[in-house]
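The next block holds one structure in the form of structure tokens; read it before the comments.
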Amino acid sequence: MGDRPLKVAILGCGVVGSQVVRLLEEQADDLAARVGRPVELAGVAVRRIDAPRDVELPAGLLTTDAEALVARDDVDLVVEVIGGIEPARTLILSALEHGASVVTANKALLAEDGPTLFEAAEKAGRDLYYEAAVAGAIPILRPLRESLAGDRVTRVLGIVNGTTNFILDKMDTSGAGFAEALEEAQDLGYAEADPTADVEGFDAAAKAAILASLAFHSRVTAADVHREGISDVTAADIASAREMGCVVKLLAICELRPGTDGPGGGDETVAVRVHPAMIPRSHPLASVREAYNAVFVESDAAGQLMFYGPGAGGAPTASAVMGDLVTVARNLVAGTRGVGESAYADRAVLPMGETRTRYHVGIDVDDRAGVLAAIAQAFAEHDVSIQTMRQDGRGDDAQLVLVSHGATDAQLSATVEHLRGMDIVRDVTSVMRVEGADDQ
């Protein structure tokens, strides 16, 4: 490679790509000093040459032929920020095959087909880095992959979607319903016109799969992640959480579950889920407001760690891309590679029904003698212990609010179905998991 400049090709020049271009130009001298060689833009692949952009590009750098750009002999490093599965997968595989290292922000592709990309990078002897795929500017993947590589991570609990956190935060602070809070998020640009990927938990599930894969050295895909969104969360759920000293958050939860031999045994399993949950206001994640992200990591030696910051946006995400770019460029200059995929543990993913959780259940019941005993009996029949119960009477009917101790999700689900079939139960008005306590 000699002393020639490193050539970078960028796929996509939208919100993130345009910021990467800007940083490459503005920080050219610093980047050259940090990398040990100048870093130059080789080209930027876009869908339309004449589309309005946030950054001025030198003439001749824009192209609509992404396939030809990634296959160029002089391109050393490809940055993929177009998102989606195709053509991103084909372009990344082509880039690696033609000898370029890759930096990507594509959580959907990594969560669906990461192993294919990792194997291609291994075969090509090139790097594949993807810090920007989870939690925007927050450095969380590299600490899991490198800083904690000598430790045993047991749990990763995160708020990894800013849109849903903004909506739930507004519901908590203003008393608004879901639809009203979503509309405000859209007006402010925090939510897309079609918010499905965010509010139904698809975005968070992809990120949870990536986090679990790194934390537990096992291949986890988005299809392995139990996923529930926030569209059914009501103002009443938020109010009930407040009465319990809790707040509702959409959580990505990745846990290492002990096997029959106990912690560290060979038959440990991985549990990965995304769903709204009540957490105590004393929990560090409870104070994460608006569109911010945070990831809470627990490990044997380090204990509890918290990573917090802006989880989306052009400049914050570009910061993570640039961090990877510098690392990969340094590796190219030194003739080395970074850490590849670590999936040696090959742990199985535990079905959601076998995952231990706690439930908050709101029930409208007839207000008559024997109701409490009948409800308690329903819980007991499914081996679910009740931690707390309170009753609010309203004339002929009453509202019961119960919180269970830890039990399997299947037991708790069966209990709720049992309740719905009881004559004395008019409606099960609220069912939500409770996280962040010690008895799970």
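Within segment 218-246, work out how many residues are in a loop (DSSP other than H, G, I, E, B) and under 25 Å from Ser287 (Cβ atoms).
The first filter runs over segment 218-246 and keeps only residues in a loop (DSSP other than H, G, I, E, B), leaving 218-221, 225, 228-234, 244-245.
So of that shortlist, the ones also under 25 Å from Ser287 (Cβ atoms) come out as 228-234, 244-245.
Selection size over segment 218-246: 9.
Among the candidates Ser299, Ser319, Ser231, Ser240, single out the residue that is more than 22 Å from the chain's Cα centre (by Cα) and not assigned by TED's automatic domain parsing to the domain that holds Ser404.
Numbers: Ser299 fails: more than 22 Å from the chain's Cα centre (by Cα); Ser319 fails: more than 22 Å from the chain's Cα centre (by Cα); Ser231 fails: more than 22 Å from the chain's Cα centre (by Cα).
One residue alone meets the criteria, Ser240.
Would you point out which residue out of Ala181, Ala209 is over 30 Å from Val153 (Cβ atoms), part of a helix (DSSP H, G or I) and in contact with a helix residue (DSSP H, G or I) (Cβ under 8 Å, 6 or more places away or on another chain)?
Working: Ala209 fails: over 30 Å from Val153 (Cβ atoms).
Result: Ala181 is the single residue among Ala181, Ala209 that is over 30 Å from Val153 (Cβ atoms), part of a helix (DSSP H, G or I) and in contact with a helix residue (DSSP H, G or I) (Cβ under 8 Å, 6 or more places away or on another chain).
Might you check whether a residue that is part of a helix (DSSP H, G or I), surrounded by fewer than 20 Cβ atoms within 10 Å (Cβ to Cβ), out of contact with any Lys or Arg (no Cβ under 6 Å at 6 or more places or on another chain) and not acidic (Asp, Glu) occurs anywhere in segment 317-325? Spell out the reasoning first.
Just the residues of segment 317-325 that are part of a helix (DSSP H, G or I), to begin with: 317-325.
Keeping just the survivors that are surrounded by fewer than 20 Cβ atoms within 10 Å (Cβ to Cβ) gives 323.
Restricting the remaining residues to those that are out of contact with any Lys or Arg (no Cβ under 6 Å at 6 or more places or on another chain) gives 323.
Those left that are additionally not acidic (Asp, Glu): 323.
For segment 317-325, residues part of a helix (DSSP H, G or I), surrounded by fewer than 20 Cβ atoms within 10 Å (Cβ to Cβ), out of contact with any Lys or Arg (no Cβ under 6 Å at 6 or more places or on another chain) and not acidic (Asp, Glu): present.
Would you say Asp169 is in contact with an Asp or Glu (Cβ under 7 Å, 6 or more places away or on another chain), part of a helix (DSSP H, G or I), assigned by TED's automatic domain parsing to the domain that holds Ala291 and farther than 30 Å from Leu117 by Cα? Quick ask: steps written out before the conclusion?
Details: in contact with an Asp or Glu (Cβ under 7 Å, 6 or more places away or on another chain): yes; part of a helix (DSSP H, G or I): yes; assigned by TED's automatic domain parsing to the domain that holds Ala291: yes; farther than 30 Å from Leu117 by Cα: yes.
The answer is yes for Asp169.
Across segment 130-169, what is the number of residues that are among the hydroxyl-bearing types (Ser, Thr, Tyr) and out of contact with any strand residue (DSSP E or B) (no Cβ under 9 Å at 6 or more places or on another chain)? Before the answer, list the steps.
Restricting attention to segment 130-169, the residues satisfying the condition of being among the hydroxyl-bearing types (Ser, Thr, Tyr) are 130, 147, 154, 163-164.
Okay, now just the ones that are also out of contact with any strand residue (DSSP E or B) (no Cβ under 9 Å at 6 or more places or on another chain), so 147, 163.
The total comes to 2.
Could you list all residues from segment 328-355 that are surrounded by fewer than 19 Cβ atoms within 10 Å (Cβ to Cβ), more than 20 Å from Ala252 (Cα to Cα) and of a type outside the set (Gly, Ala, Ser)?
Keep residues of segment 328-355 that are surrounded by fewer than 19 Cβ atoms within 10 Å (Cβ to Cβ), which gives 330-331, 333-346, 348, 351, 353-354.
Of the ones still in play, those that are also more than 20 Å from Ala252 (Cα to Cα) are 330-331, 333-346.
Hits for segment 328-355 are Arg330, Asn331, Val333, Thr336, Arg337, Val339, Glu341, Tyr344, Asp346.
Quick one: Gly136 ticks every box in (1) buried (at least 24 other Cβ atoms within 10 Å of the Cβ); (2) assigned to a helix (DSSP H, G or I) bar one, so which box is it?
(2)
Under the condition of being among the aromatic types (Phe, Trp, Tyr) and under 27 Å from Ala132 (Cβ atoms), which residue from segment 172-209 is nearest to the chain's Cα centre (by Cα)?
Applying the first criterion (among the aromatic types (Phe, Trp, Tyr)) to segment 172-209 yields 178, 190, 202.
Imposing the further condition that a residue be under 27 Å from Ala132 (Cβ atoms) reduces the set to 190, 202.
Details: Tyr190: 16, Phe202: 9 Å.
Filtering first and then ranking leaves Phe202.
For segment 220-233, how many residues are at pLDDT below 95 and either on the phi > 0 side of the Ramachandran plot or of a type in the set (Lys, Arg) (or both)?
0
Looking only at residues that are free of Cβ contacts under 8 Å to residues at least 60 places away in the same chain and buried (at least 17 other Cβ atoms within 10 Å of the Cβ) in segment 62-79, which one is farthest from Arg126 (Cα to Cα)?
First pass over segment 62-79, keeping only residues free of Cβ contacts under 8 Å to residues at least 60 places away in the same chain: 62-68, 71, 73.
The next check asks that each one be buried (at least 17 other Cβ atoms within 10 Å of the Cβ); those that pass are 62, 66, 71.
On the way: Leu62: 25, Ala66: 20, Ala71: 15 Å.
Across segment 62-79, the extreme among qualifying residues is Leu62.
Out of all the residues in segment 94-126, which are of a type in the set (Val, Ile, Thr) and closer than 19 Å to Ala343 by Cβ?
Val102, Thr104, Thr116
For every residue, the table says whether it meets (1) touching a Pro at 6+ places or on another chain (Cβ under 8 Å); (2) in contact (Cβ under 8 Å) with a residue 40 or more places away in the chain.
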| site | (1), (2) |
| --- | --- |
| Ser231 | no, yes |
| Ser240 | no, yes |
| Leu251 | yes, yes |
| Glu255 | no, yes |
| Ser282 | no, no |
| Ala286 | yes, yes |
| Ser299 | no, yes |
| Met306 | yes, no |
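Let me spell it out: the conditions are (1) in contact with a helix residue (DSSP H, G or I) (Cβ under 7 Å, 6 or more places away or on another chain); (2) farther than 19 Å from Gly14 by Cβ; (3) polar (S, T, N, Q), and Thr63 meets all of them except one. Which number is the exception?
For Thr63, the failing item is (2).
With the structure loaded, tell me whether Ala312 is assigned to a loop (DSSP other than H, G, I, E, B), crowded, with 17+ Cβ neighbours inside 10 Å and aliphatic (A, V, I, L, M) or whether it fails that test.
Working: assigned to a loop (DSSP other than H, G, I, E, B): yes; crowded, with 17+ Cβ neighbours inside 10 Å: yes; aliphatic (A, V, I, L, M): yes.
Yes; evaluated as a whole, the condition is true for this residue.
Scan segment 5-21 for residues that are surrounded by fewer than 20 Cβ atoms within 10 Å (Cβ to Cβ) and either within 14 Å of Leu325 (Cα to Cα) or in contact with a strand residue (DSSP E or B) (Cβ under 9 Å, 6 or more places away or on another chain) (or both) and jot them down.
At the first step, the residues of segment 5-21 found to be surrounded by fewer than 20 Cβ atoms within 10 Å (Cβ to Cβ) are 5, 7, 14-15.
Passing the criteria: Pro5, Lys7.
Looking for something modelled with pLDDT of 95 or more, surrounded by 23 or more Cβ atoms within 10 Å (Cβ to Cβ) and under 17 Å from the mean Cα position of the chain (by Cα) - is there at least one such residue anywhere in segment 118-128?
Among the residues of segment 118-128, not one is modelled with pLDDT of 95 or more, surrounded by 23 or more Cβ atoms within 10 Å (Cβ to Cβ) and under 17 Å from the mean Cα position of the chain (by Cα), which makes the answer no.
The values are calculated or read from the model by the stated rules, or taken from the named source; none is laboratory data. Keep in mind that what you see is a predicted model, and the values were worked out from it rather than measured. Neighbour counts are summed over all protein chains in view; Cβ atoms, including those assigned to glycine, are modelled from backbone coordinates with ideal geometry.
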